[in-house]
């Protein structure tokens, strides 16, 4: 529990927390049926095609296959807060369960849902090899940003999903600013009515070829990997972590590191006789995301448990106060297409610079 505001006169209302709302809301679904477990299943079917017909009679035999594809939830989170009765009274109810739960949802739960969404989509896109790229963020300019984003939308089978009109593109504020100033197309300036009879100018680009563009303003949630178990709870971008190699033979072709002071350096040709002096990379550092493209047709934020409990003083054994408990079990999945089982409905472009705390 942090410091409380004890005062003779203290307003019960909190200052409004200004934070970007949950960005992945269009992807959240509850239309999943769980059967006694944390895994749900989708059936994927494929068939063979036509063959040339023979007028001498007979039919060409076709074949079909049906595969069960399991998806298991793994992001299981919880927290509880105990607010002593005296603290509620002496802060004029500022330290109330209502205020704590409101701030928690705004500043922790919603941003973490976005962080999980963006990192899961990024990892899935990277695994495809085709729908992933790494670009120095500083190389985006107002002279190339529009054509670069257009090129992402034309990769592989993305045109198929773009034509359905459900695709969403997330970009950084920097890219949004450059797109607003782009020299690659002629824009139409819209005048909008504002208070006091004045006129406002609307210049923000809101879609490209029917693909909705969303700006990620609070970019601490916009990385390709996160540590969801930092010391003080919550989440933070991943950093490089290492461990000493086990006392076994080194693996040919694997990258090993030596430690000098606080610096890890990759070794081109490790000495197999000095196994104990080498380190392995366990977790790679995160990268800021430049662009994330996905569609709610195939990418889903799937919640299974969303439990919030409130206990008044005397109804629990934690102490003389109000108890708030919150648990959430969920995950993010991008489903393969139904034809060949490949993931072809997302695209991610990351910055080349590694995150460092």
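Just a yes or no: is a residue in the stretch 98-108 touching a helix residue (DSSP H, G or I) at 6+ places or on another chain (Cβ under 9 Å), in a helix (DSSP H, G or I) and touching a residue at least 24 places away in the same chain (Cβ under 8 Å)?
If we filter the stretch 98-108 for residues that are touching a helix residue (DSSP H, G or I) at 6+ places or on another chain (Cβ under 9 Å), which is where we start, we get none.
Scanning the stretch 98-108, I find no residue that is touching a helix residue (DSSP H, G or I) at 6+ places or on another chain (Cβ under 9 Å), in a helix (DSSP H, G or I) and touching a residue at least 24 places away in the same chain (Cβ under 8 Å), so the answer is no.
Which is in a strand (DSSP E or B) and more than 19 Å from residue 78 (Cα to Cα), of 323, 289? It would help to see each step written out before you state the result.
Working: 323 fails: more than 19 Å from residue 78 (Cα to Cα).
Checking each option against the conditions leaves just 289.
Residues of the stretch 326-343 being in contact with a strand residue (DSSP E or B) (Cβ under 8 Å, 6 or more places away or on another chain) and part of a loop (DSSP other than H, G, I, E, B), which ones?
Listed by number, the residues that qualify are 335, 336, 338, 339, 340, 341, 343.
Anything in the stretch 209-254 that is exposed (fewer than 15 other Cβ atoms within 10 Å of the Cβ), free of Cβ contacts under 8 Å to residues at least 40 places away in the same chain and either assigned to a strand (DSSP E or B) or touching a strand residue (DSSP E or B) at 6+ places or on another chain (Cβ under 8 Å) (or both)? List them, or say none.
If the condition is that a residue be exposed (fewer than 15 other Cβ atoms within 10 Å of the Cβ), free of Cβ contacts under 8 Å to residues at least 40 places away in the same chain and either assigned to a strand (DSSP E or B) or touching a strand residue (DSSP E or B) at 6+ places or on another chain (Cβ under 8 Å) (or both), then 230, 243, 244, 254 are the ones that fit.
For residue 121, are the conditions met, namely being on the phi < 0 side of the Ramachandran plot, in a strand (DSSP E or B) and either surrounded by 12 or more Cβ atoms within 10 Å (Cβ to Cβ) or modelled with pLDDT of 90 or more (or both)?
no
Restricted to the stretch 8-20, and to residues that are surrounded by 10 or more Cβ atoms within 10 Å (Cβ to Cβ) and under 27 Å from the mean Cα position of the chain (by Cα), which residue is modelled with the highest pLDDT?
This residue is 20.
Quick one: which of 301, 291 is closer than 30 Å to residue 325 by Cα, surrounded by 16 or more Cβ atoms within 10 Å (Cβ to Cβ) and modelled with pLDDT of 85 or more?
Among 301, 291, only 301 is closer than 30 Å to residue 325 by Cα, surrounded by 16 or more Cβ atoms within 10 Å (Cβ to Cβ) and modelled with pLDDT of 85 or more.
Anything in the stretch 316-343 that is surrounded by 17 or more Cβ atoms within 10 Å (Cβ to Cβ) and in contact with a helix residue (DSSP H, G or I) (Cβ under 6 Å, 6 or more places away or on another chain)? List them, or say none.
321, 322, 324, 332, 334, 343
Please work out which one of (1) in contact with a strand residue (DSSP E or B) (Cβ under 9 Å, 6 or more places away or on another chain); (2) within 21 Å of residue 220 (Cβ to Cβ) is the condition residue 102 fails and give its number.
Result: residue 102 passes all but (1).
Do you know which of the residues in the stretch 344-354 that are surrounded by 19 or more Cβ atoms within 10 Å (Cβ to Cβ) and in contact with a strand residue (DSSP E or B) (Cβ under 9 Å, 6 or more places away or on another chain) is farthest from residue 150 (Cα to Cα)?
351
Considering only residues of the stretch 42-66 that are modelled with pLDDT under 80 and surrounded by fewer than 13 Cβ atoms within 10 Å (Cβ to Cβ), which is farthest from the chain's Cα centre (by Cα)?
The qualifying residue farthest from the chain's Cα centre (by Cα) is 45.
Report whether or not residue 139 is over 26 Å from residue 298 (Cα atoms) and either touching a helix residue (DSSP H, G or I) at 6+ places or on another chain (Cβ under 8 Å) or at pLDDT 95 or above (or both).
yes
The values are calculated or read from the model by the stated rules, or taken from the named source; none is laboratory data. Source: prediction; values computed, not measured. Glycine also receives a Cβ, built like all others from the backbone with ideal geometry; neighbour counts cover every protein chain displayed.
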